[in-house]
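Here's the structure, in structure tokens; my notes come after.
The values are calculated or read from the model by the stated rules, or taken from the named source; none is laboratory data. Everything quoted here is computed from the prediction, not taken from an experiment. Counting neighbours? That spans all protein chains shown, and the Cβs are built from the backbone with ideal geometry, glycine included. Side chains included, ligands, DNA and RNA excluded: accessible areas come from the protein's heavy atoms. Shrake-Rupley method; radii C 1.70, N 1.55, O 1.52, S 1.80 Å.
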Amino acid sequence: MDLISRRRMLAAAAAGGVLTAATAASAQTSEQAPQPQRPGRGGTDPGPRNIARDRQNPDILVPPSTDHGTLPNLRFSFSDAHMRLETGGWTRQVTSRELGISKNIAGVNMRLNAGGVRELHWHKQAEWAYVLYGKARITAVDAQGRNFVDDVGVGDLWFFPSGIPHSIQGLDPDGTEFLLVFDDGDFDEDDTFLISDWFKHIPNEVLGKNFGVSASLFGHTPDPKDRYIFPAAVPGPLASDRTTGTTAVPQSYSHHLMAQEPIKTKGGTVRISDSSVFPVSTKIAAALVEIEPGAMRELHWHPNTDEWQYWIEGQGRMGVFAASGQARTFNFQAGDVGYVPFAMGHYIENTGTTILRFLEIFKSSYFADVSLNQWMALTPPELVEAHLNLDQQVMKALRKNKAPVVPA
């Protein structure tokens, strides 16, 4: 046997060994992996496949038999969003580019280290925020020259109307993380009006004339790419940043959501924030929902606008009914974004062993939902029975009062 033939034989044997090992490993993994099948339906998936992803999405891999049709994707994870790393923190966004169905709302997840500053800026869209971690100082000035400064912590909200200049800074001991929501699905955090960017594009003589000083004093503005999120000294007590001799804004730009008395049921709690309790928030309404293990957000729909969700803690599944026989079920975890198009019926069930906490967010000045249970309870029973042939036990169990979260 010549040398070349021997090498070919050894290579083939080695390849066979690798294939045998790979096949054995694949078979072992296949035995442990969930499979896209239910009795009489589906079959195994030998791969290639992402088993970890399949485990996270059991109701997509094996949809309930009630799912049907071609409802579009209604979920996207911030974990799959591009992470922009800056010297003072990081940021990432989920917009209509990432979640195509979301035309009305975009979201940004941002982290500011202690002292980290989100540069003085403004944008065309209104900005609503929920603090997820730590503490921040927020500032703003309105068109009448009235100013606003406040410190916010976990569970607090803020709202800046379109065009209002503002800033955010992380406080001690470990800065802050928060969710930003904008009333435009096409929002792009890279397309905001930054103070440093504008300075870089104004002639020095114009700056001098505007501020009443010599033009020679300008021309030293840092590059805007170094100022989007940048480190700075942690500010002193709140009182030290409150400018004397100024007028405060007539309506606070912040709101302490956790101080609200929640709607309590046997299955969980709901806190609603809209312009009725947070008057300045005329573009965004929201509900913070907490669901006990096994309990669920009742079957309902929203009669005024789409629903954009941010999942804060726990895990669950959402079933959405889109009419014309279309329905689809999605699984969610912390950090995911969910979406329910206008007027589509849906429920959210806690499938984990710990509390499920998420935000329902709406491009609206007010929160509104319609309960399937309450609608049926307040409709003449003979008419309901004629439609659904329900047992009398079901009819007697109908609730005339809304229960947004129902127990297991």
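Points worth noting:
- Taking the helices alone, the chain has a mean residue ellipticity at 222 nm of -5500 deg cm²/dmol, built from -39,500 (n - 2.57) per DSSP H run of at least 4 residues and averaged over all its residues.
- Fraction of accessible area attributable to carbon and sulfur, region 27-81 (%, probe 1.4 Å): 49
- Between residue 50 and residue 370, the distance separating the two model label sites (each 7 Å from Cα on the Cα→Cβ line) works out to 3.7 nm.
- ³J(HN,Hα) computed for each position of region 157-166 - Karplus, 6.51 cos²θ - 1.76 cosθ + 1.60, integer Hz, glycine/proline x: 10, 9, 8, 10, x, 3, x, 7, x, 7
- Across region 273-364, counting alpha-carbon atoms alone, Rg and Dmax equal 13.3, 40 Å.
- Size of region 142-217 as Cα extents on the principal axes (Å, biggest first): 46, 33, 27
- Coupling constants for region 206-221 follow from the phi torsions by the Karplus curve (6.51 cos²θ - 1.76 cosθ + 1.60, θ = phi - 60°), and in residue order they are 6, 4, x, 5, 5, 9, x, 9, 5, 4, 5, 7, 10, x, 10, 5 Hz; glycine and proline get x.
- The ellipsoid that matches the Cα gyration tensor of region 152-278 has semi-axes, each √(5λ) in whole angstrom, of 36, 18, 16, with the longest given first.
- For region 356-373, 3J(HN,Hα) per residue [Karplus equation, 6.51 cos²θ - 1.76 cosθ + 1.60, θ = phi - 60°, Hz, x = Gly/Pro]: 9, 10, 8, 10, 9, 10, 9, 7, 6, 7, 9, 8, 8, 9, 10, 8, 4, 4
- Rolling a 1.4 Å probe over the protein heavy atoms gives the chain an accessible area of 51 Å² per residue.
- Region 30-180: equivalent-ellipsoid semi-axes (sqrt of 5 x gyration tensor eigenvalues, Cα, Å): 42, 18, 12
- Entries in 135/283; 266/400; 266/396; 124/363 that, when Cα-Cα distance is taken, lie over 21 Å: 135/283
- Partners for residue 264 among aspartates and glutamates (Cα-Cα distance below 13 Å; same-chain residues under 8 apart left out): 290, 292
- At 1.567 mPa s and 4 °C, Stokes diffusion of the chain via Kirkwood alpha-carbon radius, µm² per second: 52
- Region 265-307 - convex hull of the alpha-carbon atoms, volume per residue in Å³: 89
- Taken over region 214-367, the alpha-carbon convex hull comes to 220 cubic angstrom per residue.
- Cα-based reach from residue 225 at 17 Å (exclusive), listing aspartates and glutamates while leaving out same-chain residues under 8 positions away: 86, 119, 188, 189, 190, 191, 197
- Of the trypsin sites (Lys or Arg not before Pro) in region 197-283, those whose Cβ has at most 11 other Cβ within 10 Å and which sit in DSSP loop: 266
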